[in-house]
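Engineer: Structure incoming, see below.
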Amino acid sequence: MSQGHMEVTALLEPCGKEEHPDCGIRDVLTRVGDKWSVLVIVELASGTRRFRELQRAIDGISQRMLTLTVRRLERDGLVARTVFPTVPAQVTYELTDLGSSLTHLVKQLADWSLAHREDIANSRTDYDVANPDHTIH
């Protein structure tokens with residue numbers, strides 16, 4: 001591992017174990033790279049959303065998974081949760097400055113995914129034909 005790489009990970013040190021110099025990067029990528037987190041960040045990049053608006057906008061996410069995702073993103077400082085004292089309570093979510101700094105990277109990943117989804121689908125088909133007994137999905 002390069003010295004520069006170790007210096008970057010040393011700044012994060014979530015696990016602090018010397019034998020895991022990449023754990024800082026892994027920890028952050030685990031959160032930011034999670035499919036639901038990416039979709040929440042993409043949705044919030046357009047502005048503040050209520051919980052139900054997020055749930056409707058993100059196809060396939062359950063209420064429980066959305067709750068866990070926004071809580072994790074809030075814990076990591078990427079999303080701000082605001083509760084308004086109404087009956088029933090209204091809750092909104094928005095990206096923090098830190099979360100907003102991710103949007104250009106997430107957008108690039110989303111754009112790349114859209115541009116190459118057909119290539120990836122073709123590669124998967126070719127692989128499946130060449131390896132009929134595989135269990136990779």
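The values are calculated or read from the model by the stated rules, or taken from the named source; none is laboratory data. Please read all numbers here as calculations on a predicted model, not as lab measurements. Please note: Cβ atoms are built from the backbone with ideal geometry, for glycine as well, and neighbour counts cover all protein chains shown.
Engineer: For Val83, only one of the following conditions fails: (1) of a type outside the set (Ser, Thr, Tyr); (2) touching a helix residue (DSSP H, G or I) at 6+ places or on another chain (Cβ under 6 Å); (3) in a strand (DSSP E or B). What is its number?
Structural biologist: Tallying (1) of a type outside the set (Ser, Thr, Tyr); (2) touching a helix residue (DSSP H, G or I) at 6+ places or on another chain (Cβ under 6 Å); (3) in a strand (DSSP E or B), Val83 fails exactly one: (2).
Engineer: Is there any pair linking a residue in the range 21-32 that is on the phi < 0 side of the Ramachandran plot to one that is surrounded by 14 or more Cβ atoms within 10 Å (Cβ to Cβ) and at pLDDT 70 or above, with Cβ under 7 Å and at least six apart or on different chains, and which?
Structural biologist: Arg31/Ser37; Arg31/Arg72; Arg31/Asp76; Val32/Leu102
Engineer: Shifting gears a bit: Applying the selection to the range 93-136, what residues are without any contact (Cβ under 8 Å) to a residue 60 or more places away in the chain and not in a helix (DSSP H, G or I)?
Structural biologist: Residues satisfying the conditions are Tyr93, Glu94, Leu95, Thr96, Ser101, Asn131, Pro132, Asp133, His134, Thr135, Ile136.
Engineer: For residues in the range 82-93 being more than 23 Å from Leu29 (Cβ to Cβ) and touching a strand residue (DSSP E or B) at 6+ places or on another chain (Cβ under 6 Å), which is surrounded by the most Cβ atoms within 10 Å (Cβ to Cβ)?
Structural biologist: Here the residue is Thr92.
Engineer: List the residue pairs whose Cβ atoms are under 7 Å apart, where the first residue sits in the range 67-81 and is in contact (Cβ under 8 Å) with a residue 40 or more places away in the chain and farther than 15 Å from Gly47 by Cβ, the second is among the basic types (Lys, Arg) and surrounded by fewer than 22 Cβ atoms within 10 Å (Cβ to Cβ), and the two are 6 or more positions apart or on different chains.
Structural biologist: Sorted first by the residue in the range 67-81, then by its partner, the pairs are Arg72/Arg31; Asp76/Arg31.
Engineer: Can you list the helices (runs of 4 or more DSSP H) found entirely within the range 4-70 that contain at least 2 residues being under 17 Å from the mean Cα position of the chain (by Cα), surrounded by fewer than 16 Cβ atoms within 10 Å (Cβ to Cβ) and modelled with pLDDT of 70 or more?
Structural biologist: 23-32
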